[in-house]
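To start, the structure under review is shown below, and the notes come after it.
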Amino acid sequence: MELLDGKALSTKIEIQVTDEVKKLKEKCGCTPGLAVVLVGQDPASTAYVKMKKKACDRVGFYSITHDMPENISQEAIEKTIIMMNNDSNIDGILIQLPLPAQIDETKLLELVAPDKDVDGFHPFNVGRLATGLDGFVPCTPLGVMELLKEYDIDVKGKNCVVVGASNIVGKPMAALLLNADATVEITHIFTDDLKKHTLNADIILVGVGVINLIKEDMVKENVIIIDIGINRADNGKLVGDVDFLNVSKKCSYITPVPGGVGPMTIAMLLKNTLKAAKANAEDKK
Ligand code: NAD
């Protein structure tokens, strides 16, 4: 069994991005800029935004966080997004999810300019991904594809079972795998007999949020497991959706949690923001 080390790869990517940021600054005096909208005080969201900001600092991006109170109005957030859409110092806009109940999330995501949509959640970019065209791809599944590539794991023709079908993780994960010529099954909470599906998988990609959902008897020998889940166990430790101790014995490759997909998500946010900055620099010429 070999670990798919997302921490090591994300460090390598950060070095590449830092280097490209320097070159971009020399070439056109542009500094990639990321704006984050954070609404409320959800501890996980606050922690993620801090991690993203630190990563931006490390690679030399300009970044700004719009910290907004839990009871903010829809109009106030919309105004901020429009302002950032029109701000030439901002290349990427990220709305940290989840949002409070009074906020219309879809409306906000659709308001972000598609060419600044570094999370890849705008329907324009979702459509481009679905049709196999270039655009912005959600960071977590994009990070998974980079990790597989790093370890020379070709998904072409492989039976890939995606567990979890959210817009952020499962659906774009399935689209990327399909675009890379994998045979893809998408499973979710209403899937009857999950084990029947996972037992047949060459690669299982699980992002659900249920501790120990994938157990030893649900996977075949030499399976590749990508554990996207992030859960807090009773002892306070971060764990994924896979019973790592027992399942890893049967795997050819598996991602650890933490240190697998998590760091790759942030690395892809940096890459997407750099991509947006480069395109915007071209437009300014
Ligand atoms: P979500 O709640 O939006 O979606 C969960 C999905 O899992 C749904 O499609 C649901 O049908 C499915 N599901 C729930 N229970 C199931 C079960 N028992 N069997 C099969 N399917 C089931 O969640 P999300 O935002 O997609 O996040 C999923 C997990 O991925 C969470 O643990 C989250 O913390 C993690 N996550 C990790 C990263 C990262 O960077 N590693 C990024 C985003 C999300």
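General observations
- Just so you know, in segment 187-208 the residues that are of a type outside the set (A, V, I, L, M, F, W, C) and within 16 Å of GLU221 (Cα to Cα) include one that is farthest from the ligand (Cβ to nearest atom), and it is ASP202.
- Of all the residues in segment 80-99, those that are farther than 22 Å from GLY29 by Cβ and either loosely packed, with under 15 Cβ neighbours inside 10 Å or within 17 Å of the chain's Cα centre (by Cα) (or both) number 7.
- Taken as a whole, segment 60-68 holds at least one residue that is within 29 Å of GLU282 (Cβ to Cβ), touching a residue at least 40 places away in the same chain (Cβ under 8 Å) and under 23 Å from the mean Cα position of the chain (by Cα).
- Residue check for ALA233: modelled with pLDDT of 95 or more and in contact with a strand residue (DSSP E or B) (Cβ under 8 Å, 6 or more places away or on another chain): yes
- Residues (surrounded by 19 or more Cβ atoms within 10 Å (Cβ to Cβ), more than 16 Å from the ligand (Cβ to nearest atom) and either assigned to a strand (DSSP E or B) or basic (Lys, Arg) (or both)) located in segment 3-37: GLY33, LEU34, ALA35, VAL37
- Criterion applied to ILE81, ILE103, ILE90 was being touching a residue at least 40 places away in the same chain (Cβ under 8 Å) and either assigned to a helix (DSSP H, G or I) or not β-branched (Val, Ile, Thr) (or both), and the one residue passing it is ILE81.
- Residues that are among the aliphatic types (A, V, I, L, M) and surrounded by fewer than 21 Cβ atoms within 10 Å (Cβ to Cβ) were ranked within segment 219-265; the one that is farthest from the ligand (Cβ to nearest atom) is LEU245.
- Contact map, segment 241-259: first residue farther than 15 Å from ILE211 by Cβ and touching a residue at least 24 places away in the same chain (Cβ under 8 Å), second residue in a loop (DSSP other than H, G, I, E, B) and among the hydroxyl-bearing types (Ser, Thr, Tyr), Cβ cut-off under 8 Å, separation 6 or more or different chains; pairs are TYR253/TYR151.
The values are calculated or read from the model by the stated rules, or taken from the named source; none is laboratory data. Quick caveat, the model's predicted, so the values are computed rather than measured. Every residue, glycine among them, receives a Cβ derived from its backbone with ideal geometry; neighbour counts consider all protein chains shown.
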